[in-house]
Amino acid sequence: MRPVVIAHRGASGHLPEHTLPAKALAYAMGADYLEQDVVATRDDALVVLHDIHLDRVTDVARVYPGRHRSDGRYYVRDFDLADLRRLKVHERTNADGSLVYPERFSATDEVFRIQTFAEELEFLKSLQAAHGRNVGIDPEIKRPDWHREEGVDITPEFLRTLADYGYQEHSDPVYVQCFDDKELRRIRHRLGCPLKLVQLIGENDWGESSTNYASLRSRRGLERLARTVDGIGPWMQRTYRLRGRDGQVHSTGLVERAHAAGLAVHPYTFRSDELPQGFSSFDALLAFATGTLAVDGLFTDFPDRVLGFLRRISAQTHSNQ
């Protein structure tokens, strides 16, 4: 069975991340799952944005000059949903305003907006009804501890919203993600959520997690993790290392250990315009991930290119049989 293709923030390699057009395009391309990052506004609405900040993906500084915090950043939590409705979403920028990915969609006269989590789920429901193809979702609870410090516990409302749209059983096409392992244990063992859960594993450690990455170097640590979650979502560079003078790519064993513990593995993020060290082409990266590592799914900004690669590999396999 081929790995599932998860559209990272939608077809974000083609259109501004987390906008409904980016999600619609990813759906049309054939992605198996669409990702949503969820954060809370001042009036406790759950909206789909990758960050707790607004200034790198919207025109908030122009519309609301001076409403930044002391660190110069504009926080979603400082704005009501009605305020966010006035903002335009654009391609992600660096702090100096330059594009993070200069070759991507950069038009500024198009209007892209922020939507609530419920609005996106309603939109996907309509897409599926109109076109007859089901698609899964891969929502992430962003920084739950930070939100609690800000006066809101976003997890119960997040789960209620999922339930309102029919996501209530383990077999439903949804993976709930979080970097915070404490929150995942709470979701599974205290709140009794039956949905599939994924522990995200960050670049430097586990992001917000209180569990050290070193614990994943043993099968026992992963088996403990499997008591709570169904899978892991590691930063791709956690899964391989370079060896020798020629920099050959070798597995770190993380994927194999996770599989032995019964965990699915969905690494992130596969970008054709940002290849990790050790890979000379996007196809080489995908071949290693899907062939050598045999991952169960992957997050990508370019679902069309990943699906195209998987179709070519499948065709080659059948022609050789």
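In terms of its Cα atoms, region 1-89 spans 51, 23, 22 Å along the principal axes, sorted from long to short. The antiparallel fraction among DSSP beta bridges confined to region 116-254 stands at about 30%. If the chain linking Met1 and His170 were pulled fully straight, counting 0.36 nm for each residue of separation and taking away their Cα-Cα distance, it would gain 58.8 nm. Full extension of the chain between Glu119 and His250 gives 42.9 nm of extra length, using 0.36 nm per residue less the Cα-Cα distance. Annotation for Asp109 and Ser126: the two label points, set 7 Å from Cα along the Cα-Cβ direction, are 2.6 nm apart. GNM remark for the chain: springs join alpha carbons under 10 Å apart, and the peak mean-square fluctuation among Pro139, Pro173, Pro65 falls on Pro65.
Backbone geometry of region 92-105 corresponds, through the Karplus equation with coefficients 6.51, -1.76 and 1.60 at θ = phi - 60°, to 3J(HN,Hα) couplings of 4, 10, 7, 4, 7, x, 6, 6, 5, 10, x, 8, 8, 3 Hz, x marking Gly and Pro.
Using the Karplus relation 6.51 cos²θ - 1.76 cosθ + 1.60 with θ = phi - 60°, the per-residue 3J(HN,Hα) values for region 264-275 come to 6, 10, 10, x, 9, 10, 8, 10, 6, 9, 8, 6 Hz, with x marking Gly and Pro.
Given R0 = 45 Å, the distance between the Cβ atoms of Ser70 and Ser314 translates into a calculated FRET efficiency of 0.25. Modelled spin labels at Glu203 and Asn134, positioned 7 Å past Cα toward Cβ, are 3.6 nm from each other.
From its DSSP helices (H runs of at least four residues, each -39,500 (n - 2.57)), the chain gives a residue-normalised ellipticity at 222 nm of -8000 deg cm²/dmol. The share of Cα pairs per 10 Å bin across region 1-156, counted from zero up to the longest distance, runs 11, 39, 36, 13, 2, 0 percent.
With 22 Å as the limit on Cα-Cα distance, the pairs of Lys125/Lys182; Lys23/Lys182; Lys23/Lys125; Lys142/Lys182 that go past it are Lys125/Lys182; Lys23/Lys182. Scalar couplings 3J(HN,Hα) for region 13-18, obtained by applying the Karplus form with A = 6.51, B = -1.76, C = 1.60 to θ = phi - 60°, are x, 10, 9, x, 4, 6 Hz; x denotes Gly and Pro.
Derived from the Cα gyration tensor, the three semi-axes of the equivalent ellipsoid of region 81-177 are 27, 21, 14 Å, largest first. Calculated from the structure, Cα extents along the principal axes in Å equals which of [x] 56, 56, 42; [y] 56, 46, 42; [z] 58, 45, 45? After the calculation, the listed value that fits is [z]. Residues of region 86-130 with amide nitrogen under 14 Å from the 7 Å Cα-to-Cβ point of Arg160? The answer is 118, whose backbone nitrogens lie closer than 14 Å to the label point.
Laboratory data are not the source of any read-out in this text; all were calculated from the coordinates shown. This is a predicted model, so every value here is computed, not measured. FYI the Cβ positions are ideal-geometry reconstructions off the backbone, even for glycines, and counts take in every protein chain you see.
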